[in-house]
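The structure appears below as structure tokens.
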Amino acid sequence: MSDKKPSGLEDVVVAASSICYIDGKRGQLVYRGYDIDDLVKNASFEEVAWLLWNGNLPTQSELDSLRHDLAVAMHFPRHLLEVLRELPFDSNPMRVLAIATATLGTLDPDADSMTPEANRKKAIRLTAMLPLVTTAWHRIRNGYDLLESNPEKSLAWNFLYMLTGQEPDDYAVETFDAALILHADHELNASTFSARVTAATLSDLHSSVCSAINTLKGPLHGGANEAVMRMLEDIGSLDNVDAYMEQMRADKKKVMGFGHRVYKAKDPRAVILEGMSEELGKRANDTKWFEMTRRVEEIFQPTVASKGIYPNVDFYSASAYHVMGIPGDMFTPIFACSRVVGWTAHLFEQYANNRIFRPSSDYVGPTGRKWQPVSER
Ligand code: SDX
């Protein structure tokens, strides 16, 4: 086995894309030319979905038609419900999301069509269905009744309502909508790349999104926000942070929610999520999780800044979601509910100008060996 550190395709350009630009040094994130701060302040997730898919912000009639299409698509097919009800109640929600997406591929009338129109329809349907599956799974595994979505309300409002059964307040909806915008795309991250590799074989959109969901699940990628929450629960209280971090340092353990292949400054999404987490904590009179998170940053950051390691998108999303009453194992599915827009925008690009991905490896194994009878081995 080679002891050379794998490149992980660092700095390797594999596609030209006009969807998302990241300035890792300055900590900037841009969707189709719009800075993320501008979009989070002024746009809705539905507007950003249209922007990522189509390249421009929607007109009012385009936005109305997208909202209508999402509302129409937000209905649970009976077959899908039967599949979910057969799953063990302790199934990992990301595994459930992958199973549901593959099942939707058996039910979607356009599943095997590869025309741009069919792919746009499927992208809208999946963007409507992933939140439905995520929230429904939480209710099925707890024995709660399923709730119908409200076609007059936004995707963010519906997610919070269908998860908790309570009508969410305006600030919670605004914050959750902003979190969905922040997670919607991020250039060629692992799950998006995985989707593009699958699509490049001319496999269909549902199959490519399944690849992406399974890739996002990993704790080095989308699963990091759940790992941050587990760390905070392990720590337990603000008073314990210093000793806990001392132990992490002694054990040379990685701190989840820190580090990034591209950002060598604080992730601009972490900056925004930090403010959200603080405000949510104050409004809920539960600032403990935010304060613990900030204390972890205060202690850990100075020890790794020289390596260009800073908080990433997952670091403050954990405390923000927790204070919103969202269970920890729902954090990564929420990431998927948002990133399905970015994944499908990249799939449109891949299908439009495609070549199969086939990198090579540096062979470091033995050569010139001859077969021997098993008695002589
Ligand atoms: C996401 O790519 C994207 O855009 C992803 C994402 C998106 O929106 O799609 O931004 C979402 O996935 C964010 C990242 C979430 N993951 C985590 O928080 C897990 C913890 N972070 C690390 O595992 C790591 O930083 C990665 C996976 C994010 C990046 O890995 P790299 O670029 O391969 O870096 P590396 O593992 O080679 O680390 C370089 C050095 C190493 O030290 P040395 O061996 O060189 O001495 O930095 C160290 C690492 O040990 N390091 C850390 C660290 N992350 C890297 N040390 C302590 N704690 C950490 N979190």
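The condition (being open to solvent by 50 Å² or more (accessible area, probe 1.4 Å) and closer than 30 Å to Asn42 by Cα) is satisfied by just one residue among Pro131, Pro168, Pro219, Pro151: Pro151.
The C-beta contact set for segment 329-342 (first residue over 11 Å from Pro131 (Cβ atoms) and within 13 Å of the ligand (Cβ to nearest atom), second residue at pLDDT 95 or above and open to solvent by 10 Å² or more (accessible area, probe 1.4 Å), distance under 6 angstrom, 6+ apart or interchain) comprises Phe331/Glu226; Thr332/Glu226. Looking only at residues in segment 260-290 that are out of contact with any helix residue (DSSP H, G or I) (no Cβ under 8 Å at 6 or more places or on another chain) and among the small types (Gly, Ala, Ser), the one that is modelled with the highest pLDDT is Gly275. Taken over segment 23-42, the criterion of being open to solvent by 20 Å² or more (accessible area, probe 1.4 Å), touching a residue at least 60 places away in the same chain (Cβ under 8 Å) and either among the hydrophobic types (A, V, I, L, M, F, W, C) or not in a helix (DSSP H, G or I) (or both) is satisfied by Lys25, Arg26, Gln28, Val40.
If only residues of segment 236-250 that are open to solvent by less than 90 Å² (accessible area, probe 1.4 Å) and among the polar types (S, T, N, Q) are counted, the one that is farthest from the ligand (Cβ to nearest atom) is Ser237. Could you please find all residues in segment 251-266 being near the ligand (Cβ under 7 Å from one of its atoms) and assigned to a loop (DSSP other than H, G, I, E, B)? Within segment 251-266, Lys254, Val255, Met256, Gly257, Gly259, His260, Arg261, Val262 meet the criteria. When residues in segment 171-216 are screened for being within 16 Å of the ligand (Cβ to nearest atom), among the aliphatic types (A, V, I, L, M) and open to solvent by less than 30 Å² (accessible area, probe 1.4 Å), 11 of them pass. Among the residues of segment 18-34, those identified as hydroxyl-bearing (Ser, Thr, Tyr) and in contact with a strand residue (DSSP E or B) (Cβ under 9 Å, 6 or more places away or on another chain) are Tyr21, Tyr31.
When the test is whether a residue is of a type in the set (Lys, Arg), more than 22 Å from the chain's Cα centre (by Cα), more than 16 Å from the ligand (Cβ to nearest atom) and not in a loop (DSSP other than H, G, I, E, B), Arg95 does not pass it.
For segment 275-312, residues that are within 12 Å of the ligand (Cβ to nearest atom) and either surrounded by fewer than 18 Cβ atoms within 10 Å (Cβ to Cβ) or under 25 Å from Met162 (Cα atoms) (or both) total 7. Within segment 279-324, the residues that satisfy the criterion of being in contact with a strand residue (DSSP E or B) (Cβ under 8 Å, 6 or more places away or on another chain) and in a helix (DSSP H, G or I) are Glu297, Phe300, Gln301, Val304, Phe315.
The values are calculated or read from the model by the stated rules, or taken from the named source; none is laboratory data. Nothing here was measured: the structure is a model prediction, and the numbers come from that model. Cβ sites come from the backbone with ideal geometry, for glycine too, and all protein chains shown count toward neighbours. Heavy atoms of the whole protein, side chains included, go into the accessibility calculation; ligands, DNA and RNA do not. Shrake-Rupley method; radii C 1.70, N 1.55, O 1.52, S 1.80 Å.
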